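The values are calculated or read from the model by the stated rules, or taken from the named source; none is laboratory data. Everything quoted here is computed from the prediction, not taken from an experiment. Quick reminder, even Gly has a Cβ in these numbers, built from the backbone with ideal geometry, and neighbours come from all protein chains shown. Note: areas computed on protein heavy atoms with side chains; ligands, DNA, RNA excluded. Shrake-Rupley method; radii C 1.70, N 1.55, O 1.52, S 1.80 Å.
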There are 2 protein chains.
Amino acid sequence: MKKTVFLSPAGFTCLGVNTGLRLSRPDTGIIISEKPMTAAGVFSQNLFRSLSLDRSISLIKKPVRVQIVFSGNANACTGQKAVSAMNIISRTAGTLLNCRPEEILLSFTGVIGRTFPADAISANLQKILSSPPEQIKKQSAGFPRAIMTTDLSEKISCCRIFRGKHSVVVSGCAKGSGMIYPNMATMLAYILTDAAVEKKYLDSLVKDIAVSVFNRISVDGDTSTNDSFLVFANGCSGRPVASYSEKKVFEKALHDTALQLARAIVADGEGATKFITICAEKVSSVKDAEKIVRAIANSSLVKTTIFGADPNWGRIICAAGNSGAIFNPAKVSLFLNNRLVFKNLSSVPGALPRVKKSFSGKNIEIRITINNGRENAHFFTCDFSYEYIKINADYTT
Amino acid sequence: MKKTVFLSPAGFTCLGVNTGLRLSRPDTGIIISEKPMTAAGVFSQNLFRSLSLDRSISLIKKPVRVQIVFSGNANACTGQKAVSAMNIISRTAGTLLNCRPEEILLSFTGVIGRTFPADAISANLQKILSSPPEQIKKQSAGFPRAIMTTDLSEKISCCRIFRGKHSVVVSGCAKGSGMIYPNMATMLAYILTDAAVEKKYLDSLVKDIAVSVFNRISVDGDTSTNDSFLVFANGCSGRPVASYSEKKVFEKALHDTALQLARAIVADGEGATKFITICAEKVSSVKDAEKIVRAIANSSLVKTTIFGADPNWGRIICAAGNSGAIFNPAKVSLFLNNRLVFKNLSSVPGALPRVKKSFSGKNIEIRITINNGRENAHFFTCDFSYEYIKINADYTT
């Protein structure tokens with residue numbers, strides 16, 4: 001992802017502050033909109049998901065004003081204490097930011113099962129937000145940095161569309177490098193825009209993006225209790241997205257922003273040294289194509305062989321053969337970094353040395369052609385390294 | 001597993017020799033039976049499985065005499081060359097061992113996609129098997145050692161049943177420490193017995209054991225192209241297994257032997273430092289119970305946290321919540337090493353320090369009570385260590 005700054009669209013103030021969840025680094029991201037925002041989102045379907053997700057799902061039916069993200073504590077699996085904590089925080093923030101508690105969304109990321117220290121955090125939040133706006137902004141470390149946990153880099157993607165007086169900004173920001181997996185909005189991701197967008201339209205757009213972008217990435221195959229993807233539109237640009245051509249431009253901007261964030265999450269996967277793109281082509285159904293790319297992406301043997309820069313295609317073929325998709329193995333071809341290595345149930349003579357050389361690079365492309373239909377699917381993942389083990393064996397409790 | 005020697009039941013000769021697949025260590029295991037053996041087996045369902053599996057499936061419909069296991073080459077994904085290789089080997093071995101080629105089963109384990117050097121191996125096999133029997137036996141390194149690949153230890157389990165003149169020996173041997181996963185006979189495992197057993201009865205027994213034992217272990221979640229579990233009964237003890245009570249004794253012996261082998265495979269999992277037992281209790285269906293134990297066993301986050309000796313129960317709960325099983329999270333309890341750590345959607349105060357201490361040991365027990373039914377399931381797995389990454393990043397091609 002190209003280096004970029006996080007651009008707040010018109011009417012948005014984005015802050016990153018320390019409220020005491022962490023010793024010194026910023027731990028709280030705050031998005032404030034001047035005007036009520038239309039909000040749409042998708043959320044983790046984990047049965048033990050944080051109650052904050054249920055709260056957000058209920059609140060975004062109506063316009064909201066504020067999103068606060070706490071990094072360092074998941075506020076999950078702590079029973080009714082999680083609800084009390086959210087009541088305390090949203091009441092405090094509401095008073096300070098001049099809106100109702102139910103206009104304030106709360107997200108959490110961090111350790112599961114620890115009581116959220118709501119009173120202390122609330123007191124600190126009060127102190128910070130009581131300062132003059134200019135001083136708060138000066139002290140802000142930026143929203144993208146404040147929401148990071150084990151992330152090594154900020155994940156940002158911004159673009160401007162509809163040039164002219166009523167141009168529109170689309171600004172995305174995400175966090176996450178573990179617990180990333182399909183079947184849900186797979187981390188914390190927020191996209192802000194100053195376009196004016198209808199709720200129903202935004203709802204359907206967000207669902208499409210979750211399916212086609214965020215459900216097609218994986219770091220380690222686990223889905224968190226707190227994964228959320230939210231889009232906020234406050235209309236402050238004065239530009240409605242209404243006509244067919246406006247919608248096409250807006251959809252592309254939203255999709256590209258999400259894709260940049262998704263790629264950034266995989267590139268910053270815990271311990272990742274390689275960025276792996278997997279494509280299944282010419283498959284009888286999208287469902288089977290997805291089964292194949294997911295099986296390859298989630299194979300520990302594939303991920304470790306790529307960490308070792310070794311084009312061990314047997315493991316890739318083997319993962320596809322276990323995916324549950326139905327196909328004739330005799331018709332399958334496998335390409336590694338655009339070079340044919342396997343066809344007619346056997347390896348292609350002489351192909352491996354060149355592929356091996358290309359595997360020392362950062363980007364690995366796996367393309368498997370099934371040849372029993374016309375559907376395709378792609379997937380992004382990263383390798384499994386010593387560092388992944390280190391990060392996850394050392395992390396808490 | 002207690003240290004034990006591999007006992008050949010009556011009428012069996014088991015050898016471990018070097019036929020040149022590997023530089024110096026034994027690479028070929030041979031089981032020869034004086035009398036024709038009733039054989040039953042289950043095999044990998046990977047679409048790219050080795051053609052040797054299809055050959056075995058077809059041949060065990062009738063009695064067989066010999067099983068040869070080659071370690072170092074999977075003879076898989078090499079097209080029709082795999083079939084030619086098997087024709088050459090079985091013809092040579094048939095002439096030397098005085099039986100028909102179709103009485104000789106062949107198994108392979110090792111790198112996928114490399115041409116099996118049948119002519120060279122056949123010539124070496126001829127040299128070895130032409131020696132006088134006593135000399136062959138003297139040079140033999142033992143069957144269990146010869147079939148190993150990345151295994152660190154031999155996997156053996158033997159017992160004697162029906163004491164007296166016509167006592168029966170049940171002897172099991174397995175290899176495998178990677179590519180171990182449910183949904184099939186998950187490695188190479190052989191159980192030999194000198195009992196006389198009917199084919200149909202043995203078929204059904206072997207299927208039961210595959211489901212209840214070998215499909216309930218996992219090292220890394222991948223299923224190989226060559227996984228096979230075979231039981232051979234040659235009747236040389238003169239003892240038939242026919243009456244109800246005889247069958248019960250025999251079934252228990254077979255099951256216990258298989259269980260020992262399965263546990264040994266997990267304990268020797270690539271890079272494993274911990275042996276993890278996972279139980280789901282009081283579940284509405286066996287299917288849901290299996291989903292839960294498998295999801296926990298295959299979570300990289302759970303496996304790395306246990307490597308770090310850290311009772312991070314949030315990850316375990318989280319994996320159960322993603323398993324696809326349907327249950328009420330509010331009713332779930334979680335026990336780690338027999339101590340309650342989670343109940344009523346929150347952690348149990350004060351439980352963690354004691355659990356943490358016990359997590360420094362080798363054996364970890366995870367027990368999750370779902371409380372919506374009467375079914376149970378268990379699963380064995382191991383942790384994910386630096387060594388796992390090292391072994392799999394460095395392995396071939």
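Quick notes on this one:
- A label point on A:Arg25, set 7 Å along the Cα-to-Cβ line, lies at 4.2 nm from each of its counterparts in the other copies, closest listed first.
- Charges were assigned to the Cβ only: +1 to each Lys and Arg, -1 to each Asp and Glu. The resulting dipole of the protein assembly as shown about its Cα centre is roughly 60 debye.
- Solvent-accessible surface of protein heavy atoms, probed at 1.4 angstrom with all chains present, puts B:Lys155, B:Lys35 in the order B:Lys35, B:Lys155, largest first.
- Computed on the Cα trace of the protein assembly as shown, the radius of gyration divided by the Kirkwood hydrodynamic radius gives Rg/Rh = 1.04.
- Length-normalised contact order for the stretch A:275-393 - Cα pairs under 8 Å, 6+ apart - percent: 46
- Normalising the average separation of contacting C-alpha pairs (under 8 angstrom, six or more residues apart) by the number of residues puts the relative contact order of chain A at 17 percent.
- Computed from point charges on the beta carbon alone (+1 for Lys and Arg, -1 for Asp and Glu), the dipole magnitude for chain A about its Cα centre is near 760 Debye.
- Accessible area (Å², 1.4 Å probe, nearest 10) - B:Glu290: 40
- Counting only the Cα atoms, chain A fills a convex hull of 141 Å³ per residue.
- Peptides ranked, highest mean first, by Cβ atoms within 10 Å: ranges A:142-152, B:259-269, B:294-304: B:294-304, B:259-269, A:142-152
- Each of A:Phe116, A:Ser131, A:Ser218 was placed along the dipole of the stretch A:12-267 (beta-carbon charges, centred on the mean Cα), and the one lying farthest toward the positive end is A:Ser131.
- At 7 Å out from Cα toward Cβ: B:Lys247 inter-copy label distances (nm, ascending): 6.7
- Partner chain coverage, peptide B:46-53 - average Cβ within 10 angstrom: 5
- Per-residue mean of C-beta atoms belonging to partner chains within 10 Å, peptide A:78-86: 2
- Separation in nanometres of the label points that stand 7 Å from Cα toward Cβ, at A:Asp394 and B:Leu97: 5.2
- For A:Ser204, inter-copy label distances in nm, listed shortest first [label point 7 Å out on the Cα-Cβ vector]: 5.6
- Total accessible surface hidden between A and B, rounded to 100 Å², 1.4 Å probe: 4500
- Pairwise centroid distance, computed over Cα atoms, of the stretch A:52-73 with the stretch A:102-165, Å: 13
- Annotation: per residue accessible area for chain B equals 38 Å², rounded to a whole number [probe 1.4 Å, protein chains only].
- Ignoring lysines fewer than eight residues from A:Lys356 along the same chain, the ones with Cα atoms less than 25 angstrom from its Cα are A:Lys274, A:Lys303, A:Lys331, A:Lys343, B:Lys81, B:Lys390.
- Other residues whose C-beta falls under 13 angstrom from the C-beta of B:Glu281 contribute a net charge of 0, scoring Lys and Arg +1 and Asp and Glu -1.
- Residue by residue, the stretch B:376-393 carries 3J(HN,Hα) couplings of 10, 8, 10, 7, 10, 8, 10, 8, 10, 10, 3, 4, 4, 4, 4, 4, 8, 7 Hz when phi is fed to the Karplus relation 6.51 cos²θ - 1.76 cosθ + 1.60 (θ = phi - 60°); x denotes Gly or Pro.
- Across peptide A:297-305, the mean count of Cβ atoms from other chains lying within 10 Å of each residue's own Cβ comes to 6.
- Computed from point charges on the beta carbon alone (+1 for Lys and Arg, -1 for Asp and Glu), the dipole magnitude for the stretch A:259-350 about its Cα centre is near 220 Debye.
- Within a straight-line Cα-Cα reach of under 18 Å, B:Lys138 can be paired with the following lysines, leaving aside sequence neighbours fewer than 8 residues apart in one chain: B:Lys127.
- Estimated inter-spin distance, A:Asn371 and B:Gln45, nm [label 7 Å along Cα→Cβ]: 2.6
- Rolling a 1.4 Å probe over the protein heavy atoms of the protein assembly as shown, with every protein chain left in place, gives an accessible area that is 52 percent carbon and sulfur.
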